[in-house]
Amino acid sequence: MSSRPEFLAPPEIFYDDSEARKYTSSSRIVEIQARLSERALELLALPEDDVPRFLLDIGCGSGLSGETISENGHQWIGLDISASMLNVAVEREVEGDLLLGDMGQGLGFRAGVIDGAISISAVQWLCNADKSSHEPRLRLKAFFGSLYRCLSRGARAVFQVYPESIAQRELILRQALQAGFGGGLVVDYPHSTKKRKEFLVLTCGSVPTSINDGHKEGDSDDDDDDSEEEENGMVCVSDRSRPRKKQRTNKKGKGREWVLRKKEQSRRKGNDVPADSKYTARKRKSRF
């Protein structure tokens, strides 16, 4: 049986009082969370002008990643679905504001109020249908669509993710691009099975995305991997932008393929559409 927590129970159930305290009291987890949060802030590429930014921590848990945001001089608000995790964050007296909510139902912030967003090991939970009403594609669509609206233009969002498969990775990226984001995937230490980490780096608006910084050859790391894996500490970047709609250049008008596609779309909406035949989309003669 897999040890991935998202396969065991929904997050609000898996992270109960006992699991929340055990998670936060683990020195190893605290260290890993801090390192991933620092990397996410690095990829966020905030201006170095000593002006505090207002950041969103999605899946903030007990506030471990929020502490890293505070240490870097920024203000933040955290969202999590686990009440137990948020209770631990309150006990730890974290500096950010905390919200209890399900990111799969969308984010209820005003448009353009967030200067950047990070998320550590949370977004892949949306790919699971924990209830009969859950549809992963629609939950990802609601999440990325609402995130796009609440971010200021040109702002970035960085998600550290653990996708189960290539299909799951593509589903997450596709829904982000369809929401309007530009960006791609950054992979730290792609040749190391132990240190490999994936970050989805997205830009809000039509600002070009350039991701050149990262863990490259010669960077030091405190992990226990051997020296051979240290030399492979480079970054793979998959830079993709939102696909543009193709402009119609057919001067002869709309062909058969276009008509069939529109009829199929109408059928999916539940409309009563005539059956296809050899006469579909055939141009009638000017006279009988």
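The values are calculated or read from the model by the stated rules, or taken from the named source; none is laboratory data. These figures come from a predicted structure and were not determined experimentally. Neighbour counts are summed over all protein chains in view; Cβ atoms, including those assigned to glycine, are modelled from backbone coordinates with ideal geometry. Accessible surface areas use protein heavy atoms only, side chains included; no ligands, DNA or RNA. Shrake-Rupley method; radii C 1.70, N 1.55, O 1.52, S 1.80 Å.
Table for the structure above
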item	result
Residues that are assigned to a loop (DSSP other than H, G, I, E, B) and over 21 Å from residue 103 (Cβ atoms), drawn from segment 166-199	189, 190, 191, 192, 193, 194, 195, 196
Pick from segment 70-90, criterion hydroxyl-bearing (Ser, Thr, Tyr) and open to solvent by 10 Å² or more (accessible area, probe 1.4 Å), ranking: farthest from residue 10 (Cα to Cα)	70
Leading residue by the ranking (most open to solvent (accessible area, probe 1.4 Å)) among those in segment 106-131 that are free of Cβ contacts under 8 Å to residues at least 60 places away in the same chain and over 18 Å from residue 81 (Cβ atoms)	110
Residue within segment 29-39 that is part of a loop (DSSP other than H, G, I, E, B) and open to solvent by less than 70 Å² (accessible area, probe 1.4 Å) present	no
Filter result (at negative phi and either under 13 Å from the mean Cα position of the chain (by Cα) or hydrophobic (A, V, I, L, M, F, W, C) (or both)) within segment 117-135	117, 118, 119, 120, 122, 123, 124, 125, 126, 127, 129
Conditions (1) in contact with a helix residue (DSSP H, G or I) (Cβ under 9 Å, 6 or more places away or on another chain); (2) part of a strand (DSSP E or B); (3) of a type in the set (A, V, I, L, M, F, W, C); (4) modelled with pLDDT under 95; number of the one not met by residue 125	(2)
Filtered residue count, segment 128-155, keeping only those that are closer than 15 Å to residue 181 by Cβ, touching a helix residue (DSSP H, G or I) at 6+ places or on another chain (Cβ under 8 Å) and of a type in the set (D, E, K, R)	1
In segment 10-21, the residues that are assigned to a helix (DSSP H, G or I) and touching a helix residue (DSSP H, G or I) at 6+ places or on another chain (Cβ under 9 Å)	11, 12, 14, 17, 18, 19, 20, 21
Test for residue 67: is it at pLDDT 90 or above and either among the β-branched types (Val, Ile, Thr) or surrounded by fewer than 22 Cβ atoms within 10 Å (Cβ to Cβ) (or both)	yes
Close pairs (6 angstrom Cβ cut-off, 6 or more residues apart or separate chains): farther than 16 Å from residue 119 by Cα in segment 74-98, part of a helix (DSSP H, G or I) and of a type in the set (Asp, Glu) anywhere	84/17
Residues that are touching a residue at least 12 places away in the same chain (Cβ under 8 Å), assigned to a helix (DSSP H, G or I) and either β-branched (Val, Ile, Thr) or open to solvent by 40 Å² or more (accessible area, probe 1.4 Å) (or both), drawn from segment 137-165	137, 141, 148, 149
